[in-house]
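What follows is calculated from the coordinates using simple rules that are stated; it is not laboratory data. What you are looking at is a predicted structure, and each value in this text was computed from that prediction instead of being measured. FYI the Cβ positions are ideal-geometry reconstructions off the backbone, even for glycines, and counts take in every protein chain you see.
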Amino acid sequence: MAFKTLQVPSSLARPNAYSFSPSHSSYQPKPPSSSQARVAAKNHLSSPPVLKCRANLHGCVDEVVQSQQLDHQTTEIPIVQYPSVVFPGETLQLQTFEFRYRIMMHTLLQETLTFGIIYSGRKDSRMEDVGCMVHVVECEKLVDDRFFLTCVGGDRFRVLEVVRTKPYVIARIQVFTDRCSLNAGHQVDLGCLMQQVERHLKNVTMLSDKLNWKRTQPGQLSKMHSPESFSFTVARLFVDDRSEQKWLLRLDDTAQRLVREGRYVEQRSKYLAAIAAIRDAFHHLSCDENIEK
């Protein structure tokens, strides 16, 4: 892969409490600096010379504040195919090492520190037409021209046209946001849907603990997020199926996404309950056999 998921030193991850860990549900960056980007070269006696930069973080928050003015507008951005589905608000730490993506990063440093990520399960698979823009909030360029990046997921987009493929993919894209959720002309109670999903998540957590299976703790997600942000957080932390994640990313209705997530998590809960019941049955059978002996 041209982009690798990277575990970087704590000095690069900011803030430490929310750095590329699935156990944390949000990314809370520092307030934006006064300039669009600050690039500084530093020499260290104990390490190779590096170039460090920090981008303006305005808009890169987990609450997925998306401007309606951006909806339906088109623009051209670099596209990176990545082996995971990236959602708005997600924090990524990446490493670039392929020559074409080094060229891309040099270009982005001169323009805007934003590119698009599209899920790709295999190298020979057709490129998906929906992805997520990511904003580089911090990068480190090593002397060998590799880049270490900390990125935050932004707006979702649809690919309208591939402009070019060399040296890296450039596509014309259209940003889209969730529309108002309506049912028979009335606005859907998103808070109720969030509570239903959270109830199923608690069941999954309880059963996972019973089976000694490690699982992300849901906490009070509904109190920490807007409905849209909550749905994206559930999709990336509690949905394991890549095909399902692609559908959730594609949906432009928060209520439909929450309903689909509720069904997925409920099925997961029933599956774990069945596994727990089978294990308990074997345990009791084993105990009975030991007593008879």
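List of remarks:
- Subtracting the Cα-Cα distance of L211 and D241 from 0.36 nm times their residue separation leaves 8.7 nm of extension gain.
- 3J(HN,Hα) couplings calculated from phi for segment 150-167 with the Karplus curve 6.51 cos²θ - 1.76 cosθ + 1.60 (θ = phi - 60°) are, in sequence order, 10, 10, 10, x, x, 6, 8, 8, 10, 7, 8, 6, 8, 7, 7, 10, 10, x Hz; Gly and Pro show x.
- Note that segment 91-147 carries a Kirkwood radius of 12.7 Å, evaluated over its alpha carbons pair by pair.
- For E161 and R100, the FRET efficiency from 1/(1 + (r/R0)^6), where r spans their Cβ atoms and R0 equals 25 Å, is about 0.80.
- Spin-label zone in segment 76-96 - amide nitrogen under 19 Å from a point set 7 Å from the Cα of T107 along the C-beta vector: 76-82, 95-96
- Between the amide H of S120 and those of Y82, S84, distances stay under 5 Å, these residues lying 5 or more places away or on another chain, with hydrogens modeled in the peptide plane.
- Nonlocal amide H pairs with V130, under 5 Å, H built at 1.01 Å: V159
- Taking θ as phi - 60° and the Karplus parameters 6.51, -1.76 and 1.60, the scalar couplings of segment 76-86 work out to 10, 9, x, 10, 10, 8, 9, x, 9, 7, 9 Hz in sequence order, x denoting glycine and proline.
- Calculated FRET efficiency, R250 to N203, Cβ-Cβ distance, R0 = 35 Å: about 0.85 to the nearest 0.05.
- Rounded to the nearest Hz, the phi-derived 3J(HN,Hα) couplings of segment 190-207 under the Karplus curve 6.51 cos²θ - 1.76 cosθ + 1.60 (θ = phi - 60°) are 5, x, 5, 5, 4, 5, 5, 4, 5, 5, 5, 5, 5, 5, 4, 5, 4, 5, where x marks glycine and proline.
- Distance between modelled label sites at R126 and A277, nm, 7 Å Cα→Cβ extension: 4.1
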